[in-house]
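Taking it in order: structure first as structure tokens, then the write-up.
The values are calculated or read from the model by the stated rules, or taken from the named source; none is laboratory data. Note that the structure is a prediction, hence the values are computed from the model and not measured. Glycine gets a Cβ as well: all are built from the backbone with ideal geometry, and neighbour counts include every protein chain shown.
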């Protein structure tokens, strides 16, 4: 089947894109990409190398000394997948966002990323929001992970005029995970303390008001339609640790929510399980 992965020009998460691409490609699906201008996109370099995620990284001579960055960046598996991804002809010759059409694809994946420089134009694109809303309306499988769920929440279905996530159950980057990364980043990257926050609260807004979880929840029919890991779930501590990541063969750290043809996940640590769940949704068509 033909699957589209729209991405920004800059700063998408390398794990969420490359792992999804690898899993679906290995399942025999044809993967297409789209960027705003049809030029090849580039992942957030800090998430690839880890350079710039340590307190001494502000000094150019010390930038290559990576400590905290080793734990915060994409893991070895994801980095290897990204190397393969950038060699893929479809990744090197993406479509333009304005040229994609719902009828041309069988499935849609919305990846995330957090760096405001590249992600805000992606999340705020009226062209993408219109396309995503229409794709949800078509009933075809849609997968969204991390900040990609924000794009889904902002997209209106033509048939209802409501958010594409209204009356759907979803997860997304939780405030607990977003806040944890933010707190680490404010120390490790003190000269750029909001690197891990795409949107930051104003003084009159409560803590977390601009978080992914809060914005997505406001788009839902009911607050309880945002699904975090419930108490009593097997391996709950592992899933909520913010440190453990899944693999193709180990879904224990992952948390993925499926509602019909819609599949959602929280962060790069869920990427393998997310992509496999989306592949299952495609197969059911």
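Note on the range 148-178: residues that are in contact with a helix residue (DSSP H, G or I) (Cβ under 6 Å, 6 or more places away or on another chain), surrounded by fewer than 22 Cβ atoms within 10 Å (Cβ to Cβ) and part of a helix (DSSP H, G or I) amount to 2. Under the condition of being over 23 Å from the mean Cα position of the chain (by Cα) and in a helix (DSSP H, G or I), the residues counted in the range 53-74 number 3. Here residue 83 fulfils each of the conditions (1) without any contact (Cβ under 8 Å) to a residue 24 or more places away in the chain; (2) in contact with a helix residue (DSSP H, G or I) (Cβ under 8 Å, 6 or more places away or on another chain) apart from (2).
Taking first residues from the range 116-130 that are on the phi < 0 side of the Ramachandran plot and modelled with pLDDT of 95 or more and partners that are exposed (fewer than 15 other Cβ atoms within 10 Å of the Cβ) and in a helix (DSSP H, G or I), the Cβ contacts under 7 Å between residues at least 6 apart in sequence or on separate chains come to 127/98. Of the residues making up the range 103-117, those that are farther than 20 Å from residue 32 by Cα and under 13 Å from the mean Cα position of the chain (by Cα) are 114, 115. Residues in the range 92-112 that are in contact with a helix residue (DSSP H, G or I) (Cβ under 9 Å, 6 or more places away or on another chain), in a helix (DSSP H, G or I) and closer than 20 Å to residue 144 by Cβ: 2 in all.
Conditions (1) modelled with pLDDT under 95; (2) out of contact with any helix residue (DSSP H, G or I) (no Cβ under 7 Å at 6 or more places or on another chain); (3) more than 15 Å from residue 16 (Cβ to Cβ), marked per residue:
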position	(1), (2), (3)
237	no, yes, yes
251	no, no, yes
254	no, no, no
266	no, no, no
278	no, yes, no
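Residues of the range 113-130 being closer than 14 Å to residue 100 by Cβ, touching a helix residue (DSSP H, G or I) at 6+ places or on another chain (Cβ under 8 Å) and assigned to a helix (DSSP H, G or I), which ones? 122, 127, 128, 129, listed by residue number.
Scan the range 48-59 and tell me whether some residue there is crowded, with 21+ Cβ neighbours inside 10 Å, within 21 Å of residue 109 (Cα to Cα) and modelled with pLDDT of 95 or more. No, that holds for no residue. Before we move on, is residue 133 over 16 Å from the mean Cα position of the chain (by Cα), outside any helix (DSSP H, G or I) and closer than 30 Å to residue 157 by Cβ? No, not satisfied.
When residues of the range 190-227 are filtered for being exposed (fewer than 13 other Cβ atoms within 10 Å of the Cβ) and in a loop (DSSP other than H, G, I, E, B), how many remain? The number of residues fulfilling the criteria is 9. Listed conditions (1) buried (at least 18 other Cβ atoms within 10 Å of the Cβ); (2) farther than 30 Å from residue 55 by Cβ are all met by residue 122, apart from (2). Considering only residues in the range 228-257 that are without any contact (Cβ under 8 Å) to a residue 40 or more places away in the chain and not in a loop (DSSP other than H, G, I, E, B), the one that is nearest to residue 171 (Cα to Cα) turns out to be 239.
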